[in-house]
Amino acid sequence: MNLLDTLLRCAATLVVFLAFPLIIGQTEHKVMAHMQGRLGPMYAGGFHGWAQLVADGVKFAQKEDIVPAGADRRIFQVAPAVSLLPYLFVLLAIPVGPDGFVGQAVDAGLFFVLAVMGIGVIGKLMAGWASANKFSLLGGLRTAAQLMSYELPMVLAAASVAMAAGTLSLPGIMDAWQWYWLPWQLIGAFVFFTAGLAELQRPPFDMPVADSEIIFGAYTEYTGLRFAFFLLSEYAGILVVSGLTAVLFLGGWHGPLPDQLGWLWTILKTFALAFVVIWLRVTYPRLREDQLMKFAWTVLIPLALVQLALTGVIKVAIS
């Protein structure tokens with residue numbers, strides 16, 4: 001891979017990283033408006049509220065950038081970037097189509113993406129600690145506890161796919177993927193996708209940022225564009241979790257389209273899963289903190305271990 005090819009791939013990934021999360025955010029406005037009768041997002045700009053996203057961006061840009069007097073200014077300012085950038089690096093490693101249709105192929109790509117996704121918790125801890133606000137600090141600690149609890153079932157579910165494929169390379173997993181995997185990897189798909197929602201603090205797992213109970217968790221002291229970066233990291237996380245679920249458990253580019261157009265199939269699956277994320281937000285109430293932690297340790301982790309055992313048995317049986 002020459003330098004020009006690498007630069008073009010990175011540039012394309014950056015465009016996707018900047019555009020697709022915004023599309024998901026705009027879609028969330030519209031889906032929630034239809035599902036819950038929220039008519040507000042339907043008026044901005046005229047037809048179907050097309051300018052709502054623009055209005056939100058202008059609103060955030062106009063807000064005053066406030067740093068609390070007692071805050072650790074440098075850490076406070078860099079925390080949003082630490083929360084956002086890991087998703088860009090993960091997006092680089094996700095294969096979209098065959099024949100190396102990926103930003104940057106990594107030999108141990110599955111290990112890489114799971115490790116990098118875990119960095120996001122550091123940004124949230126930095127935001128809570130640097131805000132000089134005890135409620136922000138408690139929100140950051142609650143976020144860290146939740147993310148570390150749900151990281152384990154997510155890794156175990158992904159390990160079952162790596163075991164079935166016999167490789168940690170994401171393009172390698174896609175090359176080895178077969179349609180008969182789908183029925184006996186459904187448990188892993190459920191565990192991975194659910195744990196991903198919890199890591200993103202999406203409803204019904206949004207207790208660390210539950211604005212109706214605890215203001216906004218670790219982000220309470222943030223305003224303007226810095227606060228918008230945290231929201232953007234959430235939508236980027238939806239894109240990444242949905243994309244990884246599509247690649248690992250739903251066949252990625254495998255589908256009725258020719259291989260040359262397989263990337264369209266990957267994008268379709270990713271946005272279908274993103275729609276499910278939005279759908280869950282408007283359907284289920286948030287869990288209590290004890291219910292949230294209990295669900296990880298008593299439901300998801302045992303299911304992930306069952307999936308690993310099942311994968312091992314089937315792998316031995318067909319080999």
| Per residue of the chain, what 222 nm ellipticity follows from adding -39500 (n - 2.57) for every DSSP H run with n ≥ 4, rounded to the nearest 500? | -23000 deg cm²/dmol
| query | If contacts are Cα pairs under 8 angstrom and at least 6 residues apart, what is the relative contact order of the chain in percent? | reply | 24 percent
| remark: If R0 = 41 Å, then residue 268 and residue 69, at their Cβ-Cβ distance, give a FRET efficiency to the nearest 0.05 of 0.25
| field | region 1-72 and region 126-140: distance between their alpha carbon centers, rounded to Å | value | 25 Å
| task | Please find the FRET efficiency linking residue 319 to residue 215, where r is the Cβ-Cβ separation and R0 is fixed at 35 Å, and quote it to the nearest 0.05. | result | 0.05
| Of [x] 17.6; [y] 19.5; [z] 16.7, which is the value of mean projected area of the Cα convex hull in nm² derived from the coordinates here? | [x]
| task | State, to one decimal in nm, how far the label point of residue 288 lies from the label point of residue 6, with both points 7 Å from Cα in the Cβ direction. | result | 5.4 nm
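Would you order 149, 242 from fewest to most other beta-carbon atoms within 10 Å of each residue's own beta-carbon?
Exposure proxy ranking, most exposed first: 149, 242.
Is there a quick way to get the dipole size of the chain? I mean about its Cα centre, with the Cβ of Lys and Arg at +1 and of Asp and Glu at -1; what is the value in debye to the nearest 20? All intermediate terms of the calculation are to be shown ahead of the outcome.
On the way: 18 positive and 19 negative charges, 91 e Å.
With only Lys, Arg, Asp and Glu charged at Cβ, the dipole is about 440 debye.
Using the structure shown, select from 30/63; 59/269; 59/294; 30/59; 124/315; 63/294 the pairs with a Cα to Cα distance greater than 29 angstrom.
59/269; 59/294; 124/315; 63/294
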| task | For the chain, return all DSSP H helices satisfying: extent of Cα atoms along own axis at least 18 Å; mean Kyte-Doolittle hydropathy at least -1.0. | result | 3-36, 73-93, 134-165, 186-199, 224-249, 262-283, 301-318
| Least to most buried among 235, 43, 180, 150 (fewest other Cβ within 10 Å first) | 180, 43, 235, 150
| How far is the Cα center of region 250-268 from the Cα center of region 178-209, in Å? | 21 Å
| What ranking do 220-232, 197-209, 61-73 get when scored by the average of other Cβ atoms within 10 Å per residue, highest first? | 197-209, 220-232, 61-73
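Throughout, read-outs are computed from the coordinates displayed, never taken from laboratory work. Note that this is a predicted model, so its numbers are computed, not measured. Glycine also receives a Cβ, built like all others from the backbone with ideal geometry; neighbour counts cover every protein chain displayed.
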